[in-house]
Amino acid sequence: MRIPQATLEKAKTLAAAWQEEIGESRESEEKRFHEMMTKMLEDPLNKVFLIELLDQSFRASDTDRVADQLEYIFSKHENSAFFSQIEQLLIWLFRHLGIYLSSLSVPLFINYLRNDISAIVIKGEKSLLGKHIQRRRAEGTRVNINVIGEIVLGEREAEERIQKYIRVLRNPDIDYLSIKISTLFSQITPLAHAWSMEKISTALERIYREAMSNTFIDHKGQKTYKFVNLDMEEYRDLRLTLDAFKHVLAKEEFKTLHAGIVLQAYLPDTLHHVKELVAWAKERIENDGSPIKIRLVKGANQEMELTESSLRGWPCVTYLDKTETDANYKVIMDYLLDKEVAPYVHTGIASHNLFDQALAYLIVKEKGLEEFYTAEMLEGMSEAAYHVLKNEKINVILYAPTATRETFTNAIAYLVRRFDENTAEQNFLRHSFGLRVGSPAWKELLNSYDDALDTLPQLSLRPYRTQNRRDEIRKRVVDLDSYSFENESDTDFILSPNQVWAEKIRLKWKNISKSGGFHACAVVAGREHKEGEKIEIIDKSQYHEKIIMGSYYKASQDDIKTAVKTAKDDIDGWGALDIQQRQEILTVSYTHLRAHETHN
């Protein structure tokens with residue numbers, strides 16, 4: 001890392017000055033939110049209660065079912081001190097009266113919740129959203145709209161989501177939109193990478209085309225295309241998102257469109273992808289194209305990555321130590337905020353960590369890169385911090401999740417994830433509620449900053465998941481005294497070498513008839529039985545023509561009787577073997593099968 005030590009130290013001083021100013025300027029609404037968060041953090045059961053309340057209660061459309069679940073959770077956490085006295089009264093009324101009038105009480109409950117979190121999940125109705133954006137625009141701030149929605153399950157739903165994005169881009173109040181590839185196409189298949197990428201690209205083209213058709217007047221008074229940002233989700237979508245992004249923007253039609261993509265610092269291989277995008281962006285500009293933008297985040301899907309890796313026997317793709325994520329964030333920041341990179345790839349530093357924001361600001365000022373950089377924060381999480389950065393004349397963009405009354409239940413999943421993420425032990429936001437410079441919490445955050453810097457020399461920047469089924473797996477001699485059986489992990493088909501491996505197998509079986517086909521028969525007592533009825537095997541996947549893949553002989557009743565007699569006779573002496581001898585045979589067989597499978 002090339003950041004001078006003096007700059008690293010200055011960032012601490014600047015962050016402290018900002019925090020002092022934040023503590024003095026909090027408005028009453030933000031203080032109320034911070035008091036709620038502090039109350040939740042003081043008792044871990046309060047966090048459990050809130051997440052259960054949000055995550056479990058609103059899954060059903062039947063109001064009676066919702067009311068029943070609410071009653072169950074309120075009863076389960078009856079002694080919780082999380083709510084204010086007024087809220088406790090409202091809960092009492094719901095439990096003793098509203099539960100019997102669920103068609104009235106549940107909508108009122110949801111409406112109360114929606115109003116309570118309207119600073120975090122912005123109301124998406126056109127007039128209400130328009131007023132919010134206009135207020136931010138008057139402050140000189142752009143709002144990055146995220147229309148909350150989960151992964152689409154079918155192409156009809158995908159088309160509805162695309163139409164929703166198009167309507168958003170046609171809204172004159174909105175000039176900045178974030179989307180995800182999982183909402184553009186429902187049948188994403190890692191094994192069909194090129195096909196999936198083409199389908200996603202076709203949808204992305206429609207959205208980019210709309211962004212170019214619906215211009216707006218920017219702060220310089222110039223007519224400008226609207227900005228579309230590709231959010232990043234789970235690791236399995238990383239390569240597809242990158243490829244679709246580059247594939248579409250490389251087309252002549254879109255070469256003048258300034259668009260963005262999100263990359264996550266909790267992945268050790270992110271710097272590699274950053275360098276890939278920088279090289280591509282330089283070539284794009286040399287061909288009269290526009291620069292791109294990278295929104296740098298720390299990552300928000302770790303629980304899902306941990307779950308998937310544990311289920312499938314894979315290494316987790318993310319750093320498991322938050323200190324390493326913080327260190328990598330600084331490494332990537334250092335690379336992007338450079339005179340040789342910034343004109344081609346603009347950078348959004350998306351973080352509520354004041355140390356990171358202060359460090360980025362100092363680097364940008366020292367290098368004169370202000371026009372290529374933005375500080376980015378979540379809407380509603382810290383209004384005071386936002387205003388402190390604005391006071392420094394920093395170009396701030398606020399990431400604003402939105403939901404209408406009809407789609408508000410979709411916002412619940414987002415809300416649960418945000419609460420869980422932002423209250424994690426090492427998260428800056430967890431400590432920011434009521435934070436004072438010099439307090440134990442501040443010293444802990446300061447130590448975290450120093451720890452990240454100390455981690456830099458030994459930080460791994462290589463991917464943790466490197467499975468390659470194309471590698472030869474040799475048969476090995478097994479030492480049973482030290483051998484411990486482990487299940488073979490699933491094949492990770494998002495990795496390029498494994499896609500090539502799978503494609504080779506597909507082509508082999510697709511064309512097996514050209515090499516004589518695959519022919520099978522029963523083997524009993526060491527002899528192949530090729531008598532009786534012969535059945536042809538048809539490749540039903542190639543439905544456009546009849547292709548014979550091979551054949552097999554059906555076993556007869558005599559073959560079955562011979563097999564049973566052979567087993568009883570135990571001519572191989574299996575029954576006489578002890579456990580260790582059987583274990584050795586099975587273990588050696590496993591290593592042979594594994595090696596054979598890799599070759600085929």
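The values are calculated or read from the model by the stated rules, or taken from the named source; none is laboratory data. Because the structure is predicted, anything quoted here is derived from the model rather than measured. Reconstructed Cβ throughout: ideal geometry from the backbone, glycine too, with neighbour counts over all protein chains shown. Calculation scope for accessible area: heavy atoms of the full protein, side chains included, ligands and nucleic acids excluded. Shrake-Rupley method; radii C 1.70, N 1.55, O 1.52, S 1.80 Å.
Per residue, the solvent-accessible area of the chain (1.4 Å probe, heavy atoms of protein chains only, all protein chains present) comes to 52 Å². Using R0 = 51 Å, the C-beta based FRET efficiency linking Asp450 and Leu128 works out to 0.70. Every helix of 4 or more DSSP H residues in the chain counts as -39500 (n - 2.57), and over all residues that averages to -16500 deg cm²/dmol at 222 nm.
Restricting the calculation to Cα atoms, segment 527-590 shows an Rg/Rh of 1.20 when the hydrodynamic-style radius is the Kirkwood one.
Step through the table entries Lys282/Lys393; Lys246/Lys330; Lys255/Lys390; Lys251/Lys365; Lys275/Lys339; Lys530/Lys561, compare each Cα-Cα distance with 23 Å, and write down the pairs that go over it. Those over the limit are Lys282/Lys393; Lys246/Lys330; Lys255/Lys390; Lys251/Lys365.
Quick one: net charge around Thr404, please, counting Lys, Arg +1 and Asp, Glu -1 for every other residue with C-beta under 11 Å from its C-beta.
+3
Note on Lys510: aspartates and glutamates with a C-alpha under 12 Å away, same-chain residues under 8 apart excluded, are Asp539. What do you get for the angle between helix 126-138 and the principal long axis of the chain? Use alpha-carbon atoms, 0 to 90 degrees, nearest ten. Here the helix axis deviates by roughly 60 degrees.
Can you tally the lysine pairs in segment 48-181 where the Cα-Cα distance is under 22 Å and the two residues are eight or more apart, or on different chains? For segment 48-181, the number of qualifying lysine pairs is 7. If the segment from Ile86 to Met212 were pulled out straight at 0.36 nm per residue, it would be longer than the present Cα-Cα gap by 40.4 nm.
Between Val588 and Asn487, the FRET efficiency estimated from the beta carbon spacing at R0 = 25 angstrom works out to 0.90.
When DSSP beta bridges are restricted to pairs lying wholly in segment 199-318, around 20% turn out antiparallel. What angle do you read, to the nearest 10 degrees and between 0 and 90, between the alpha-carbon axis of helix 85-96 and the longest principal axis of the chain? Helix 85-96 and the main axis of the chain meet at about 50 degrees. Extension gain, Lys223-Asp62: 0.36 nm per intervening residue step, less the Cα-Cα distance, totals 53.2 nm. In this simple spin-label model, placing a label point 7 Å from the Cα along the Cα-to-Cβ direction at both Tyr72 and Tyr100 gives a separation of 2.3 nm. Placing a pseudo-label 7 Å from each Cα along the Cα-to-Cβ vector at Lys565 and Ile548 gives an inter-label distance of 3.4 nm. The trypsin sites (Lys or Arg not before Pro) of segment 296-383 meeting both criteria, a DSSP state outside H, G, I, E and B (loop) and at most 12 other C-beta atoms within 10 angstrom of the site's C-beta, are Lys339. Distance distribution note for the chain: the fraction of Cα pairs above 33 angstrom is 56%.
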